[in-house]
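Notes follow once the structure below has been shown.
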Amino acid sequence: MEFLRTVVLSEFQWWLFFSGILVLCLSSTARGEDHYYVFVLKETNFTKLCSSKSMLTVNDSFPGPVINVRKGDTAFVNVHNHGNYGVTLHWHGVKQPRNPWSDGPNYITQCKIPPGTNFTYKVIFSDEEGTVWWHAHSDWTQSSVHGAIVILPAEGTTYPFPQPDAEEIIVLASWYTGHVNEMLHEDLSVGSDLPRANAYVINGQPGSFHNCCSAETNYKLIVDYGKTYLLRIINAAVNSELFFAIANHNVTVVGMDGKYLKPLSTSFLAISPGQTMNVLFTADQPLGHYYMAVRQYVTVGFPDVYNITTSIIEYTGNYTPPASPVFPDNLPSYYDIVPANDFLSRLRSLASKEHPVNVPLNITTHMFIETSQKEIACPNASCQSMDGNRVSSALNNFTFQNPYMDILLAYYRNISGIYSADFPNKPRVFFNFTGYNLTTANYTTPAIATKVKMLDYNETVEIVFQGTNTLDGSVNHPMHLHGHSFYVIGSGLGNFNNETDPQSYNLVDPPELNTIRVPKRGWVTVRFQASNPGVWLWHCHLTKHLTWGMKTAFIVKGGGTPETSILDPPPYMPRCEKSFVNYIQEFDDHSAENKNKLSGV
C-alpha cells in the first residue's frame, strides 16, 4: 500500500477504513492494481502577499498530494474531514464507469462530508492516460483543496513520444488573502459580485512581482542543458483562464485532459480552468535563469490580477547567475483573444492504431445549448450589482436550482419532486445571440428550476454550445462534462449556422477532451456516446458561473444488464442537511414519503 503522508489514526479508525475498503472491493470486480490513500482535511496556516490566514488543505499541503496510478487501476481515497464545514471531492477527468457514487459534485451525486466524519471514494480509472486532477466540488473550497492525478501507461506500454528525461507537475491556482468561502457567502447574501483572486500561484508560490515577494517566493525547476522535460500542467484557478509561457523556450503539447494529441509546437499555452496539458520542453538555451510566467486571459471586463505570476527555470552548470531571470516576451497580453482561439483550433487527436478516434457519426440526439449571463430581480432593486439585481447564469434560459438532496440518490430510489427530466434540447426562442444591446427582460430573465436531461444507454449526442452577448457580458465558458469525454469537432465565431458550419467539422482527428471553452461570442460543437450509466454534471468551470447556476445534469439510463447498470451504492453516503446552498430559494417539498426514502425506509 502507498500513502503520500504518514497519518496517525486510532486503531478504531483503521478498522473503519479497512472495513469500508473490503466492502467496496467485494462490490465489483477489481481492475488493474489497487492503490490506497488517506486524505486528512484540516485548517493550515499560510503567509503570502504580506498577510497570514488559515485555509482548508489536504494533508497540510498546497497544492494537495499527488495520486499516482497506471491506466486501468483503481484508487481508494479515505477522506477524513477535520475542517469546520462540509466538503466533497471530485476526480476531474476520471470517467468512473458505472460509479457515479464517487464522482463528488455536491447536490448532484452526493452531499457534503460533514466535519468530524470520513468517506471513502472509489476512483475507477478506465481509458484515461496522462494527467487529470482532483478538487473539492462544494462552495469554493477548490481554491485550496486540489491536486494532480498522474496516470502512467499500462504495464508493458509506454508514451507515444520519446521518453522524457524527467517529469514535473505544474499546478496553476488562485490565491485569496481572505477566507474565500466566508467572502463568497457574504457576497451572495447581498447580491454583489463574487470574490476575485488577489494573485495566481505556481505550485503554491506567487513569484517575484507581488507584494512581499522575492526570488524566494518562486517555485524553481532545476534543469540540465540538452535534456527534455515533461511538464504536467493543471489550471486549478477558480475563475480564470490563463496564458502560460517559458522565456525563450517553445513547448510541444502532447496531451490534454487525460488523452494524447498530435505534437503541437507553440510558444505559449492558453489553458482554461479545469483543463490539463502535458507538454515537452527541451533545455536548449544558453545557461541561465528563465521565468515561467502566467497571466490571466480576459474576455470581458478587467483582469482580476494585473501582476504576473512566475516561477524560475534554473540551468545547472558553471556560469555566473544573472541579476534576474529572463522574462518571456512570448507571453500574450490579457486580451489576446485571436491567438487563444487559434491555439484551440490547432489541437488534434493522435488518431493512431494504439490510440484510435471513435467519433460518433450517426447522431440520435441533437442539442443546441446557449450559454448566457442573466439577472434576477431583487425587491426594490436592493442588491449590490447589475442595477440592483442579482447576477445569474443559465443554459437555454434555465438557471439551475440546487435541490435539498442529491439527484443521484433521488434517481436511484425513484424519489419524486427533486428534479424534472425536461431540460430542453434547444432554446425556447432563437435570436441574434451575439448581437448588442440584449438587455431587455426577454433576453435576461431566466427561469429557475432543477432540470436534467435523460439519455438512453449508448445514445449518441451532438451538442452545439452557443455563446451569447446578453447584458453585453459575453465571455468564454469552459464547459466540463463529468463521467465522459467528448470530441470537439468544430468551433467558430458569431452565431452558429446549421447549414454551413457543419461542413467544416473535423471527424477524422478531433481532440478528445472533458473541458472545452465556448469562445466569446462564438460556438463550439462536441460529440460523445452516452455509454456510462449514472448521473453526470455538465457545468461551466468558471466557478462563479457554476455558483450562479450555469449547469445541468445528464442522467444516462442503464443498458438492461448488470454490466451496463449503475453499481450499487457504497455502504455509507453522506446525508444531506438543510443549509445555505446558493442565493436561489431551495426546494421546499419535504413530504413524508420522500423523507422515508431519504432514510432508506
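The values are calculated or read from the model by the stated rules, or taken from the named source; none is laboratory data. None of these values were measured; they are calculated from a predicted model. In this analysis, Cβ positions are derived from the backbone assuming ideal geometry, glycine residues included, and neighbour counts consider all displayed protein chains. In case anyone asks, the SASA skips ligands and DNA or RNA and just uses the protein heavy atoms, side chains included. Shrake-Rupley method; radii C 1.70, N 1.55, O 1.52, S 1.80 Å.
Would you mind putting 202-212, 397-407, 454-464, 96-106 in packing order, based on average other-beta-carbon counts within 10 Å, highest first? Spell out each step's value before the answer.
Numbers: 202-212: 19.6, 397-407: 22.7, 454-464: 18.0, 96-106: 25.1.
In descending order of packing, they fall as 96-106, 397-407, 202-212, 454-464.
Over segment 365-564, give the accessible area per residue in Å² for a 1.4 Å probe, as an integer.
Details: 6910 Å² over 200 residues.
Computed with neighbouring chains in place, this is 35 Å² per residue.
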Placed amide H near residue 113: partners under 5 Å, 5+ positions off or other chain: 87, 88
Helix-only mean residue ellipticity at 222 nm for the chain, each DSSP H run of n ≥ 4 adding -39500 (n - 2.57), per residue, nearest 500: -2500 deg cm²/dmol
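Report the percentage of all Cα-Cα pairs in segment 31-157 whose separation exceeds 25 Å, rounded to a whole percent. Provide the component values of the computation, followed by the final result.
Details: 1927 of 8001 pairs.
The calculated P(r) of segment 31-157 puts 24 percent of pairs beyond 25 Å.
Greater than 29 Å separation of Cα atoms is the criterion. Which listed pairs, 53/220; 48/520; 122/220; 53/227; 353/451, meet it? Before the final figure, lay out each step's value.
On the way: 53/220 24 Å; 48/520 33 Å; 122/220 34 Å; 53/227 39 Å; 353/451 40 Å.
Checking Cα-Cα distances, 48/520; 122/220; 53/227; 353/451 exceed 29 Å.
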Whole-angstrom Cα spans of segment 365-564 along principal axes, big to small: 55, 44, 26
Mean Cβ neighbour count within 10 Å, used as a protection proxy, ranking 528-534, 298-304 highest first: 528-534, 298-304
Heavy-atom accessible area per residue - segment 161-348, 1.4 Å, Å²: 36
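What full-extension length gain, to one decimal in nm, is calculated for residue 428 and residue 42 as 0.36 nm per residue of separation minus the Cα-Cα distance? It would help to have the intermediate numbers written out before the result.
On the way: separation 386, 0.36 × 386 = 138.96 nm, distance 4.62 nm.
Here the segment from residue 428 to residue 42 would lengthen by 134.3 nm.
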Share of carbon and sulfur in the accessible heavy-atom surface of segment 478-548 [1.4 Å probe, %]: 44
Cα-projected label distance for residue 380 with residue 54, points at 7 Å along beta-carbon direction, nm: 3.8
Axial C-alpha extent at least 15 Å, average Kyte-Doolittle at least 0.5 - helices from the chain (DSSP): 11-26
Debye log10 I(q)/I(0) for segment 135-216, one point scatterer per Cα, at q = 0.12, 0.14, 0.16 Å⁻¹: -0.56, -0.69, -0.80
Segment residue 577-residue 338, length gained on full extension (0.36 nm per residue, minus Cα span): 81.4 nm
Residue 351-residue 68 FRET efficiency (beta carbon distance; Förster radius 25 Å; 0.05 resolution): 0.35
Distant-in-sequence amide H partners of residue 459 (H built 1.01 Å from N, under 5 Å): 530
Euclidean distance of C-alpha centroids, segment 163-185 and segment 219-294, integer Å: 16
Rounded to 5, percent antiparallel among DSSP beta bridges of the chain: 70
